[in-house]
1. Calculate, for the range 125-198, the solvent-accessible area per residue in square angstrom, rolling a 1.4 angstrom probe over the heavy atoms of the protein chains.
2. Hey, can you rank 173-184, 124-135 by average C-beta count inside 10 Å, highest first?
3. Could you work out what % of the accessible surface of the range 190-276 is carbon and sulfur, using a 1.4 angstrom probe and leaving DNA, RNA and ligands out of the count?
4. Run the simple label-point estimate for Arg7 and Ala78 please: 7 Å along Cα→C-beta, distance reported in nm.
5. What whole-number distance in Å separates the alpha-carbon centres of the range 133-155 and the range 86-131?
6. His259 versus Ala108, label points 7 Å from Cα toward the beta carbon: distance in nm?
7. Considering only protein heavy atoms, what per residue accessible area in square angstrom results for the range 226-297 with a 1.4 angstrom probe?
8. Setting aside same-chain residues fewer than 8 positions from Lys107, which aspartates and glutamates have a Cα under 17 Å from its Cα?
Amino acid sequence: MKWQGNRESDNVEDHRGEGDGGGGGGGGFGFGGRSIGIGTIVIALVGSYVLGVNPLTLLNLLSGGGGQVSTQQSQSPARQPPESDEMARFVKTVLADTEDTWDALFKAEGGTYVRPKLSLFSGSIPTACGTGQSASGPFYCPGDQKVYLDLDFFKLMQQRFKVSGEFAQAYVIAHEVGHHVQNLLGLSEKVDKARRTQSERQANAMSVRLELQADCFAGVWAFHANQDRKILEQGDVEAALKAATAIGDDALQRQSQGHVVPDSFTHGTSEQRVRWFSKGIESGQISQCNTFEARQL
């Protein structure tokens with residue numbers, strides 16, 4: 001992926017070293033088939049299946065609560081990552097690229113894109129959605145409009161799933177930004193309200209549609225970023241598709257518990273995740289990402 005020399009975002013905060021370190025990165029990552037109740041969503045399965053919202057938020061929704069924790073927990077004052085941190089500069093550049101893309105797309109529709117913050121952390125961090133944990137994987141909190149990322153997650157992608165490459169990492173960030181886009185468009189709130197009145201199975205199905213749309217939005221970003229800034233190199237798309245395949249609900253459940261429970265899916269199968277990311281990156285059109293009206297996911 002070609003990113004060096006491109007604009008870096010000022011919206012990245014560095015909170016690394018402030019958490020208690022519990023469960024952070026590497027071996028502390030939440031693999032396993034532990035579940036709550038009969039047929040409930042399998043949590044701690046690659047941190048709420050790796051690329052979703054904070055599991056605390058999701059569990060709150062499924063138990064009938066609101067979409068966010070009402071109390072904003074305090075963080076220490078934000079600081080910028082050091083210039084010498086190459087990985088942080090990569091994150092800042094990818095975030096800037098999503099900003100430029102969504103700025104233009106929102107403007108084309110007569111809207112204004114509100115840029116999210118991205119918080120780098122380690123161990124744990126207070127958020128408007130409760131305490132975030134590294135073991136949850138990257139997540140987006142609608143309450144404070146922030147993406148949260150422990151950079152050790154990228155090491156885990158390579159070690160656990162054999163997925164490497166900068167564009168695969170950019171896909172992870174773009175997916176979480178996709179959740180921010182959903183929040184700005186009012187889609188997240190509508191889904192949250194609907195899930196509170198539905199059965200667990202129906203709520204999970206709505207979650208799948210929300211996650212697949214975020215995958216598609218990540219593809220839309222990649223289409224425009226490559227069209228405008230020529231970021232893609234040979235093998236980049238294949239790496240992102242490999243990442244999408246590795247984190248499908250079916251693949252994760254087989255790995256953790258040896259069998260799949262389709263009614264507990266919250267992010268979609270490997271095939272679905274690949275298909276919707278592909279829709280976005282092939283078309284570059286937000287209209288192609290309407291997973292909520294799609295007959296076939």
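The values are calculated or read from the model by the stated rules, or taken from the named source; none is laboratory data. For clarity, every value in this text was computed on a predicted model and none was experimentally measured. Neighbour counts run over all protein chains shown; Cβ positions are idealised from the backbone, glycine included. Accessible surface areas use protein heavy atoms only, side chains included; no ligands, DNA or RNA. Shrake-Rupley method; radii C 1.70, N 1.55, O 1.52, S 1.80 Å.
1. 32 Å²
2. The peptides rank, most packed first, as 173-184, 124-135.
3. Carbon with sulfur: 50 percent of the solvent-accessible area.
4. With each label point 7 Å from Cα toward Cβ, the separation is 1.7 nm.
5. Computed from Cα coordinates, the inter-centre distance equals 11 Å.
6. My value for the distance between the label points is 4.7 nm.
7. 51 Å²
8. In chain and number order, the partners are Asp97, Glu99, Asp228.
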